[in-house]
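Heads up: the structure comes next, in structure tokens.
A short reminder: the numbers here are calculations on the coordinates, not readings from a lab. Since we're looking at a predicted model, the values are computed, not measured. Cβ placement follows ideal geometry from the backbone for every residue including glycine, while neighbour counts extend to all protein chains displayed.
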Amino acid sequence: MARGCSDAPVLRERGQREVFCGLTGIVWLHRKIQDAFFLVVGSRTCAHLLQSAAGVMIFAEPRFATALMEERDLAGLADAHDELDGVVAKLLRRRPDIRMLFLVGSCPSEVIKLDLGRAAQRLDGVHKSNGVRVLSYSGSGIETTFTQGEDACLAALVPQMPRDEAPQLLVVGALAEVVEDQLSRIFSAMGLTNLAFLPPRRARELASVGRGTKMLLAQPFLADTARALESRGAVHIPALFPLGVEGTTAWLTAGAAAMGISAQRIRDAVEMPETRARLALERARAELSGKRVFFMPDSQLEIPLARFLHNELGMELIEVGTPFLHRAHMTPELEAMPANTFLSEGQHVDRQLDRVRAARPDLTVCGLGLANPLEAEGMTTKWAIELVFTPIQGYNQAADLAELFARPLRRKALLEV
Amino acid sequence: MQLSFWTYEGPPHVGAMRVATGMTGLHYVLHAPQGDTYADLLFTMIERDNKRPPVTYTTFQARDLGADTADLFKEAARDAYERFRPEALLVGASCTAELLQDDPGGLAKAINLPIPVVGVELPAYQKKENWGAAETFYQLVRAFARPATTPPERASCNILGPTALGFRHRDDVREIVGLLEGMGVRVNVVAPLGAAPSDLMRLGDAHFNVVLYPEIGGVAASFLKRTLKQDATKTVPIGVGATREFIAEVAALAGLEASVATEACRLPWYSRSVDSTYLTGKRVFIFGDATHAVAAARVATKELGFAVVGLGTYSREQARDVRDAAALYGLEALITDDYLEVEAAIEAAACELVLGTQMERNIAKRLGLPCAVISAPVHVQDFPARYSPQMGFEGANVIFDTWVHPLMMGLEEHLLAMFREDREFNDTAKPSHLGGGKLPEKPAGDVAVLDAPLLQVWTAEGEAELKKIPFFVRGKARRNTEKFAAQRGIANITVETLYDAKAHFAR
């Protein structure tokens, strides 16, 4: 068995972490679950973060809002609960289309120990008869880093899933609809039809779970969700994540094999899309091969992305930073990486920037706060958030994913100003 | 607890960041949880800053709460000093750290750094961004400003108020510095933008202060008036008239002749030129910070001949100024930070142009109305590559262009009115050079707002005639006709009702 970089030492750092908090997940989750609404119970900072991260994209009235805590809410907690009830009633009057309401905890609500679990239970009792379920989770920065917000949200959905012991494959993690549809088509070509997704596109379409459920993680940041599903009888299928051709094939194969699909049927279904995707990667490989890449920690997607860039595009990995290394889910990924990969977990942003400057990578993958300053120092960057907001999983997106890394380099070569 | 969908202003510590990022030689150590670093992207992405804001965050997490967050802060402050070697340190807390009551000011003093430390307390659950910027700037001025050793010459001033991430602050400063220097006034210090703490120590070397952005520089200017006896300007030079008044005010303070060699401004002539006749009485809705909203209303009415049909602000602190200004136009000011309320008001006003913030730009886009941005909060496109001030004479030129261009031009508007049924040249057709065809249905826009639940029906002919009215006045025509019909108890609105109403309201 290849050990890859499973035994490589990991640099663990503590210091300033230049990462988003879990509230940011609302920016994609509110588009994903179309009849859900996310009410952050927090401060003006939370509201400001959400609209800044969303780029103030007001296409329609958003399906998220903030219940802004004020001085008097901090004074007496009993009042805060009454106030919250009032805000929720007002919101539901305004938006009768809401079927599922998430009360989302924030740093200030956690620090004053406002019990949103209890509030959700109480409000669920009040509004259930009108067909509105009320749940809660924490997206606070003191508890969660960026994509961990999605983990917390999905984990909150798990207790609501109906029990069903029948065999099924459950794909866990928010994916773009186009990706979901492609993956479904491949699975159904293998003859695998008892397939479900979490999160659902609509609250009422929540999948069931039970001892027959095999879960296939589509995202690498779902530790709590997986644990909650396991406690309901689901069995985790270890696999590479479906990024790049190698990852997608391994992921589909692991899922289908766990459901008893024969190796031949799996091969037949993946052969054509796999070949097509390999061909599509050629242009980017010519551009990226031999180039050196540095990942700053952001979304926990760093390790599978680094594996893709190295194994399929020939890039050299200088440092792969991740906010949090969840070994249990990352084992197949680490085994597929080169043995000498330099992994770092957590962050001390100034020290890490010193390492970036010393290494002068060809491409640095980093957050929005760091990208332009590094560009101004003459470095080429890729903003990490785009890797979360773009459909990148599966065969047909493999070349798009490669293109996200190739474009900054191509642009740099083009410009003569 | 208040339900908020979008917010016009950030929290007060973002105001402090705007001050610190605008300055040089100052570093801000912010006690804040993981995630609050999002604020960096406001500067690096929206303003396209080429360096990180000079801010160190403690980014504490749950595990730190059990231990000692105060130690974490002290360590962060020490590290920040060692790494960045600033002239002075600004310290404070964001909303979450405020609840921990660690007292960053006291902690930073306790570690005995060899540089001045200024602590700012910004109550995050009561105050907002502009207040935070004003308070931070005031605390810095209080800490550093000294009286002059020799009395400064009369024709010397400081410029107070511009910050990082301000709407056109960078260009306004260049324009106003040029204007002042052209008058023979020495500009001593511009602050916060571009100033170091050591520059703030020289504030006393000027005779008076020019307050460009009262929301941010006002408190510091009052302090300097009390302590250093520096007078401050009251006029904000936005628009031709206000710029002339500003020049007169500065001249009086500086003891100079109130004249400038050349008034390099095209707005007065452009506005008088015949092509601008069609601007007369255009209905505009104005919303922004108090200073920019009040100034925009004056420019709109006196310098472009528009009719102001709505005026409001999200700055409650300056609500009175906006109420007074609104009264001049026979309006009641809209004072709110709820953008949904602003949207409803814009829709009800049946305006032809919206002058607002990034929020109103989005509202206007949705309602299909032309819009120009006049105030923060703004987005990346409001930091243009070209020189584009709002203040002074060049600012007036910029205003003329940016407010007039979204509107239909003179003869274009007439043609549209004359040949309303032209197959290609109407408001529901896509431009023919783009292949023609129908535009997608616009939501709302034309929807009537009725006060009384009177059952009114437009006849088919009436409706068809209404459609011949250009879309940008159709909402008004529909509203007036329905009001007219309601007053007279007319249930079926015909072509004749439409023209009766038109004649009635023309009187």
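Worth a mention:
- With both residues required to sit in the protein assembly as shown, DSSP beta bridges show an antiparallel share near 10%.
- The eigenvalues of the Cα gyration tensor, multiplied by 5 and square-rooted, give the protein assembly as shown an equivalent ellipsoid with semi-axes of 48, 39, 27 Å from largest to smallest.
- Distance between modelled label sites at residue B:272 and residue B:259, nm, 7 Å Cα→Cβ extension: 2.0 nm
- Lys/Arg +1, Asp/Glu -1 at C-beta; the protein assembly as shown dipole; positive extreme among B:458, A:220, B:80: B:458
- Between residue B:156 and B:186, B:207, B:208, the built amide H atoms are under 5 Å apart, and every one of these is 5 or more places off in sequence or on another chain.
- Ellipticity at 222 nm from helices only: DSSP H runs of n ≥ 4 in chain B, each -39500 (n - 2.57), divided by the residue count, give -13000 deg cm²/dmol.
- Leading residue at positive end of dipole, the protein assembly as shown (Cβ point charges), from B:350, A:356, B:487: B:487
- The trypsin sites (Lys or Arg not before Pro) of the range A:73-169 that DSSP puts in a loop, and whose beta carbon has at most 13 other beta carbons within 10 Å, are A:113.
- Sorted ascending by nearby beta carbons within 10 Å, beginning with the fewest, A:289, A:43 become A:289, A:43.
- Based on Cα contacts under 8 Å between residues 6+ apart, the range A:168-279 shows a relative contact order of 28 percent.
- Cβ-based charge dipole, the protein assembly as shown, positive-most Cα from B:58, B:258, A:251: A:251
- Segment residue B:386-residue B:332, extension gain: residue separation times 0.36 nm, minus the distance between their alpha carbons: 15.8 nm
- Given charges at beta-carbon only (K, R positive; D, E negative), |dipole| of the protein assembly as shown in Debye: 620 debye
- FRET efficiency, 1/(1 + (r/R0)^6) with R0 35 Å, evaluated for residue A:2 and residue A:208 via beta carbons: 0.45
- Structural descriptor for chain B: relative contact order 12 percent, calculated from alpha carbon pairs under 8 angstrom and at least 6 residues apart.
- Placing dummy labels 7 Å off each Cα toward the beta-carbon, the span from residue A:130 to residue A:271 is 5.7 nm.
- Among the listed pairs B:302/B:502; A:32/B:365; A:382/B:51; A:291/A:412, a Cα-Cα separation exceeding 18 Å is found for B:302/B:502; A:32/B:365.
- Between residue B:463 and residue B:48, the contour length at 0.36 nm per residue exceeds the alpha carbon distance by 144.5 nm.
- Using a Förster distance of 56 Å, the FRET efficiency for residue A:357-residue B:234 (Cβ separation, nearest 0.05): 0.70
- Here the Gaussian network model covers chain A, with springs between Cα atoms less than 10 Å apart; of A:288, A:91, A:217, A:91 fluctuates the most.
- Legend: ranking of residues A:135, B:65 from fewest to most surrounding C-beta atoms inside 10 Å; resulting order B:65, A:135.
- Cα-based Rg of chain B normalised by 2.2 N^0.38 Å, two decimals: 1.12
- A simple charge model with +1 on the Cβ of Lys and Arg, -1 on the Cβ of Asp and Glu and nothing else charged puts the dipole of the range B:294-350 at about 320 debye relative to its Cα centre.
- The range A:157-187 and the range B:338-362: distance between their alpha carbon centers, rounded to Å: 42 Å
- Cβ-Cβ FRET estimate between residue B:379 and residue A:386, R0 fixed at 22 Å, reported to 0.05: 0.75
- Gap separating the Cα centres of the range A:86-127 and the range A:317-396, nearest whole Å: 36 Å
- Beta bridges by DSSP in chain A, antiparallel share as percent, to the nearest 5: 5 percent
- In this rough spin-label picture, where each label sits 7 Å from Cα along the Cβ direction, the residue A:335-residue A:166 distance is 3.3 nm.
- For a modelled paramagnetic label at residue A:72, 7 Å from Cα along Cα-to-Cβ, the residues of the range A:17-50 in reach, with backbone nitrogen under 19 Å, are A:42-44.
- For trypsin sites (Lys or Arg not before Pro), the sites in the range B:332-398 that DSSP calls loop and that have at most 15 other Cβ atoms within 10 Å are B:386.
- Normalised by the number of residues in chain A, the mean separation of alpha-carbon contacts (under 8 Å, six or more apart) gives a relative contact order of 19 percent.
- Diffusion coefficient (Stokes-Einstein, Kirkwood radius over C-alpha pairs, 20 °C, 1.002 mPa s) for the range A:22-144: 149 µm²/s, rounded to a whole number.
- Centre separation in Å (Cα based) which lies between the range A:289-316 and the range A:191-235: 28 Å
- Qualifying GluC sites (Glu not before Pro) in the range B:234-302, DSSP loop, other Cβ atoms within 10 Å at most 12: B:257
- When only the Cβ of Lys, Arg, Asp and Glu is charged (+1, +1, -1, -1), the dipole of the range A:282-417 relative to its Cα centre reaches about 220 debye.
- Order of B:171, B:275 under a 10 Å beta carbon neighbour criterion, fewest first: B:275, B:171
- Per-q log10 I(q)/I(0), chain A, q = 0.06, 0.11 Å⁻¹ (Debye; single scatterer per alpha-carbon; no solvent): -0.25, -0.86
- Gain on full stretching of the segment that runs from residue A:257 to residue A:11 - 0.36 nm per residue minus C-alpha separation: 85.0 nm
- Per residue, the convex hull around the alpha carbon atoms of the range A:168-279 comes to 94 Å³.
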